[in-house]
Amino acid sequence: SLLYLQEPSNKRVRPLARVTSLANLISPVRNGAVRRFGQTIQSFALRSDSKSPGCAQKSCSRSAAPTPPKRRNSVLWSEMLDVNMKESLSTKEIKRQEAIYEMSRGEQDLIEDLKLARKAYHDPMLKLSIMSEEELNHIFGDLDSYIPLHEDLLASLGEAKKPDGTVEQIGPILVKWLPRLHAYKGYCSNQLAAKALLDQKKQDRRVQDFLQRCLESPFSRKLDLWSFLDIPRSRLVKYPLLLKEILRHTPKDHPDIQILEEAISIIQGVLSDINLKKGESECQYYIDKLEYLDEKQKDPRIEGSKALLCHGELKNKNGHKLYVFLFQDILVLTRPVTRNERQAYQVYRQPIPVQELLLEDLQDGDVKMGGSFRGAFGNSDKAKNIFRVRFQDPSLGQSHTLQANDVFHKQQWVNCIRTAIAPFQRTAAAAELKELPELSEEAEENNPSAPNIKAQKRQSAISGITEMELDESASECSSILDSEEAKGAKTHRTLSGHRKTREKQLSGKRKETLV
């Protein structure tokens, strides 16, 4: 090291290129993106090896400067017109042609990205044996097959362009082409499984290193691999916006008006079908990952589910993380587990069918922390962003008080559960109002049963309150209190002994720990 420090400051030091063999393994190709990709790997290897003081020179610092990302061409259609042509067109027509040009330019960018994903990611990883062919096919799917699809639209738009650069009618082209987007059903349905496999493979050091080098290369535009794989989906959801923008700037007497409206209807139908298929695939993906500890936990409504309304991470009474799934007909609480590097979900307690599900929207501070919850939070803390789910019949299973990360996620869960149980609540309310059962003076506050609920609805009818107009977001404790006060005002039959019992129960409710 002493000899090294005594070298003249202007002497150039040639670093050892340790990783140049990685770039050399990539076969020469004509595509510029891949060629630049190989050169970038080599330049990163040289920079990583340059640790000597000689690199403080201008020559070394210049070579170590980061390569600027490749930028898209952002020229507007109107900027390519000459002055005379621009003056001959109305402002509305210029905006219409801008919208058409934006669609055409977007197709060109999409085609380039699809080709880049294959030549800069898929092919090098296969050649370098970073991933197996089966794994790559699972992650990339049939991405190549969509390139001709978008090239056809681009060619049709080019043929429709007049010598002056304008497009007279685009509607017929779109009505004929848009139904072909149904081909994306399979690709979009596989995205969840593809993303999971890619995330798993990123744990491999070679995969991680390769993807990082790509991210730092100019061709990536600072986008990671998944961003390229997700580009087709993001493009699909832009089509309705692009068509509406073209329609907005199309004159009322233009022949494209009705055809563009038909095109918008077609693309919305295509997206609806793709979303439905994607939802079914996502639902089945999670169903296949469920593990049951008891045969009693298995419910045919789980296997028969076709839609996943909501899912995500919540905490239980002990601060332990649960992963909760709200399928169309049943709520399933699980514990995330790992089996041979594979994510799985162990079913926790008994799943609750939606038609038997009772929801309590608890307010912040309604429930004090206690028991083992103190380990996860301060002793004086009160629960925030919490709600409770349980069976209407408490004998079928225990209740679960769940905590979301923030108020936004809590509200999402509450809204989803309310939407799922609303049809069953309306049906039950109509049937119970017809029956009008006898009033019950007492209610079991912590574990309400069906007769208690009927009693509340009977009293609401006496008080002139419509059951369907009750605020669902109020906690059950408040609902019972209001019901009891209404009974005292109307019937004058509540004894002082009953009042003392009620006050005891309410006092106990306010001191309740999370269950």
Beta carbons within 10 angstrom, averaged per residue: use that to sort the peptides 343-356, 112-125, highest first.
-> 112-125, 343-356
Inter-label distance for Asp364 and Ala344, nm, one decimal - labels placed 7 Å from Cα along Cα-to-Cβ | 4.0
Heavy-atom accessible area of the stretch 74-287 with neighbours in place, 1.4 angstrom probe: carbon+sulfur share in percent works out to 50
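Which length gain, in nm to one decimal place, applies between Glu295 and Val175 when the Cα-Cα distance is subtracted from 0.36 nm times their residue separation? Let's see the in-between values first.
Working: separation 120, 0.36 × 120 = 43.20 nm, distance 5.18 nm.
Full extension from Glu295 to Val175 adds 38.0 nm.
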Express the accessible area of the stretch 74-287 per residue in Å², computed with a 1.4 Å probe while the remaining protein chains stay in the model.
-> 48
Could you let me know the centre-to-centre spacing of the stretch 151-166 and the stretch 258-325, using Cα atoms, in angstrom?
-> 41
Pair-distance profile P(r), taking every C-alpha pair of the stretch 74-287, with 10 angstrom steps and integer % = 7, 29, 29, 21, 11, 3, 0
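The values are calculated or read from the model by the stated rules, or taken from the named source; none is laboratory data. These figures come from a predicted structure and were not determined experimentally. So basically every Cβ, Gly included, is an ideal-geometry build from the backbone, and we count neighbours across all protein chains shown. For the accessible areas, the whole protein counts, side chains as well, though only heavy atoms, and no ligand, DNA or RNA atoms are used. Shrake-Rupley method; radii C 1.70, N 1.55, O 1.52, S 1.80 Å.
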